[in-house]
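The values are calculated or read from the model by the stated rules, or taken from the named source; none is laboratory data. As the structure is a computational prediction, the values presented were derived from the model and not from experiment. In this analysis, Cβ positions are derived from the backbone assuming ideal geometry, glycine residues included, and neighbour counts consider all displayed protein chains. Protein only, heavy atoms only, side chains kept; ligands, DNA and RNA dropped before computing areas. Shrake-Rupley method; radii C 1.70, N 1.55, O 1.52, S 1.80 Å.
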Amino acid sequence: MMSKGQVSQGLLEIRAARADTKGALAAVIVFSVLVNFLMLTGPLYMLQVYDRVLGSQSEATLVALTLLMTFLFVAMGFLDYARARILARIGARQQEKLDRRVFSAAVRRLTIAPADPAAQAAQRDLESIQRLWSSPVLLALIDIPWTPMFIGAIFVFHPWMGWLAILGGAFLIVVTFLNQRATEAPLLQTNAAAMMAERYSENLKSESEVIAALGMQGNAFSRWNRFRAIAMGQAIAASDVGGVYSGITKTFRMFLQSMMLGLGAWLVLRGELSAGAMIAGSILMGRALAPIEQSIGQWAVVTRAREGTTRLADLLTRIPAEPERTALPRPRAILEAQNLTVLPPGEQQAVLRMVNFRVEPGQALGIIGPSGSGKSSLARALTGVWRAAGGKVRLDGATLDQYDPDTLGSYIGYLPQRVSLFDGTIAENIARLSAEPDAAAVVAAAKKAAAHDMILKLPDGYDTRVASVGGRLSGGQIQRIGLARALYGDPVILILDEPNSNLDNEGSMALNLAIKAMKEAGRAILIMAHRPAAIQECDYLLVMEDGTRKAFGPRDQVLRDTVKNHTEIVRSTGPGGVT
C-alpha cells in the first residue's frame with residue numbers, strides 16, 4: 001500500500017497538468033461571483049413589481065424594470081455559459097497534457113502486470129476526471145459557497161424566514177453527507193464489477209476463433225453473463241440508494257419552498273412583511289438550495305472522478321515518468337548479458353539466474369532449451385521489457401536503461417512468440433504504427449522477410465486493412481508481417497522468439513535468408529528456438545536449463561557436447577548445417 005507521501009507524488013503530477021490554467025480558474029471565480037449576484041435579479045424584480053409597480057400603477061416603471069431585468073438575465077446567461085465552457089476546456093487541457101504520461105505508464109505497467117486493474121482503467125479514469133470538469137455538478141459545487149449570501153438576503157426580509165432557510169439548508173447538507181457515505185461503496189463496487197465484465201468480454205472477443213471452433217459460445221456467454229449480472233445488480237443497488245436521497249432532497253426542497261410561502265403569507269397577514277418580499281423570499285430559498293440538490297443528484301460523477309484520481313495517482317507513483325536521457329550515438333551490434341538475473345513481475349522466484357553471453361556484429365546466437373527453461377524471459381529482458389533484478393544487459397557498452405525506450409526499440413527488432421497485429425493497414429503495422437510510414441523502408445523490410453509477394457496478392461496490397469481481433473490472414477502470414485515489422489528501420493539487433501513456429505518450408509527458408517542478410521550487414525541476431533531449422537544460420541548456441549546457462553559456444557561444438565541426437569541431426573542436414 002502506498003503511503004500518503006507517495007500518493008501525493010502522483011497527485012502532484014495530476015495537479016501540475018492544470019498549473020497553466022490558473023488564469024482560467026480565476027476567470028471562472030470572477031464569473032461565478034457575478035453570476036451569483038445576478039441571481040438576485042429575479043427576487044429583486046419580483047419585489048419591485050409587487051411593492052412598487054402594483055402600488056403606483058406606473059407602466060413606465062414596469063417597462064424600465066423589465067428592460068433592466070432582461071439585460072441582467074442576458075448577462076447572467078452569458079457569464080454562466082462562459083464559465084461552463086472555460087471549465088470544460090480546463091478539463092480537456094488537463095486530459096491532453098496527461099494523455100501521453102498516463103498511456104505510457106499504463107503500457108509500462110501492463111508489460112509487467114497484465115492484470116493490473118489500475119493500468120487497464122487508466123484512460124477511463126482520466127476521462128472521468130475530464131467529465132467532472134465539464135459536468136454541471138462542478139458548477140453546483142462552485143455555487144454552494146454562495147448559499148449563505150442568499151440565506152442572508154432572506155434574513156433581510158424577516159428573521160423567521162431566514163431561520164427556516166437555515167434549518168432547511170442544514171437538513172439538505174446532512175442529506176448530502178449521508179448520500180456520499182451511503183453511495184460511495186456501492187458505486188465503487190459497481191465500477192469494479194463493470195470493469196471485470198468488460199475485461200472478460202474483451203478476452204472472449206480476442207479468442208473468438210477458438211470459441212467458435214470448439215463450440216464454446218454458449219458456455220462463454222453464460223460465464224460472461226454472470227459477470228454482467230453482478231455488475232448490473234451492483235449498478236441497480238447503487239441507483240436505488242442514490243435515488244432515495246435524490247428523492248428526499250427534491251421533495252424536501254419543494255416542501256420547503258411552499259413552507260416559505262406559507263410563512264411569508266402568515267407574516268403578510270400579521271403586517272410584518274410585504275407581498276413582494278414573500279414571493280422574493282421563496283425564490284431566494286429555491287436558489288439557495290438548488291446547488292445542494294444538484295450536487296446530490298449527480299454525486300456519482302464526483303465519486304467516479306475521485307476514484308479515478310486515486311487510481312491514477314497510485315499508477316503514476318508506481319510508474320515514474322521516464323527521465324531525460326543524453327542521446328547516445330547509434331550503437332554497434334554488440335549485445336552482452338553480464339550475470340543477468342530476472343524476476344518476473346510480482347513474483348519472488350527468478351526465472352533467469354547469472355546468465356552470461358556476448359554477441360558481436362555479424363554473429364547469430366541460437367538460444368535453445370526445453371519449455372520453461374527461460375528463453376522467452378530472456379527475450380523480454382534483452383528488449384528491456386523486463387528489468388534486470390541483478391546483473392546487466394549492455395548494448396554497445398551502455399546498459400539498456402541509458403537509452404530512451406522508443407529509441408532503444410528502433411535499434412532492436414523483436415519478433416515475439418505470439419505475433420499480434422494492430423487495427424490499421426499492413427504498411428502501418430510494418431512501420432510500427434508510424435503516422436507517416438516510410439514506404440521505401442516498409443517495402444524493403446517486407447522483402448527481407450519474404451513477405452512482399454504475399455502482401456501484393458492481398459486485395460489492397462500494403463493498404464489492406466487488418467484488425468487486432470480476427471481477420472483474413474493465416475498464422476504464417478501474420479508471422480511474416482511480424483518479422484517485417486521487426487526488420488523495419490534497419491535495427492542493429494534482431495531478437496526472434498520461436499520465429500518459425502507458424503512458417504511452412506518456404507517461410508523457414510525465407511527466414512534463414514533474412515538472418516543471413518542481417519549477418520552480412522553486420523547485425524547481430526538472437527533466436528529462441530525449439531525447432532532445429534531455426535538455428536541453421538547460428539554461429540553460436542546458448543543452452544538454457546531451469547533459467548541458467550547450461551552451455552555456450554560454437555554451434556557444432558555445443559551440439560556435439562549437449563545434444564544426444566547430434567549425429568542424426570548432422571546426417572539429416574549434411575555438412576551445410578541444421579535445417
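Numbers at a glance
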{"quantity": "Condition broken by Val174, with the remaining ones in (1) closer than 26 Å to Gly262 by Cβ; (2) of a type in the set (A, V, I, L, M); (3) open to solvent by 20 Å² or more (accessible area, probe 1.4 Å); (4) in contact with a Leu (Cβ under 8 Å, 6 or more places away or on another chain) satisfied", "calculated": "(4)"}
{"quantity": "Pairs with Cβ under 9 Å, 6+ apart, first in segment 255-279 and within 18 Å of Gly55 (Cβ to Cβ), second part of a loop (DSSP other than H, G, I, E, B) and among the hydroxyl-bearing types (Ser, Thr, Tyr)", "calculated": "Val268/Ser274"}
{"quantity": "Qualifying residue in segment 136-146 (condition: within 23 Å of Leu273 (Cβ to Cβ), open to solvent by 50 Å² or more (accessible area, probe 1.4 Å) and either free of Cβ contacts under 8 Å to residues at least 12 places away in the same chain or part of a helix (DSSP H, G or I) (or both))", "calculated": "no"}
{"quantity": "Residue within segment 287-307 that is among the hydroxyl-bearing types (Ser, Thr, Tyr) and more than 22 Å from Leu141 (Cα to Cα) present", "calculated": "no"}
{"quantity": "Tabulated pairs, segment 432-458, first more than 24 Å from Leu408 (Cβ to Cβ) and open to solvent by less than 70 Å² (accessible area, probe 1.4 Å), second in a helix (DSSP H, G or I) and basic (Lys, Arg), C-beta under 8 angstrom, 6+ apart or interchain", "calculated": "Ala450/Arg480; Ala451/Arg480; Met454/Arg480"}
{"quantity": "Odd one out for Pro323, checked against (1) within 30 Å of Leu400 (Cα to Cα); (2) part of a helix (DSSP H, G or I)", "calculated": "(2)"}
{"quantity": "Residue that is at pLDDT below 90, under 21 Å from Ser282 (Cα atoms) and over 26 Å from the mean Cα position of the chain (by Cα), where the choices are Thr70, Thr61, Thr41", "calculated": "Thr41"}
{"quantity": "Matching residues in segment 298-347 - criterion: being open to solvent by less than 50 Å² (accessible area, probe 1.4 Å), under 31 Å from the mean Cα position of the chain (by Cα) and over 25 Å from Pro114 (Cβ atoms)", "calculated": "Trp299, Ala300, Val301, Val302, Thr303, Ala305"}
{"quantity": "Identity of the residue in segment 220-260, surrounded by fewer than 17 Cβ atoms within 10 Å (Cβ to Cβ) and hydroxyl-bearing (Ser, Thr, Tyr), that ends up farthest from Pro186 (Cα to Cα)", "calculated": "Ser258"}
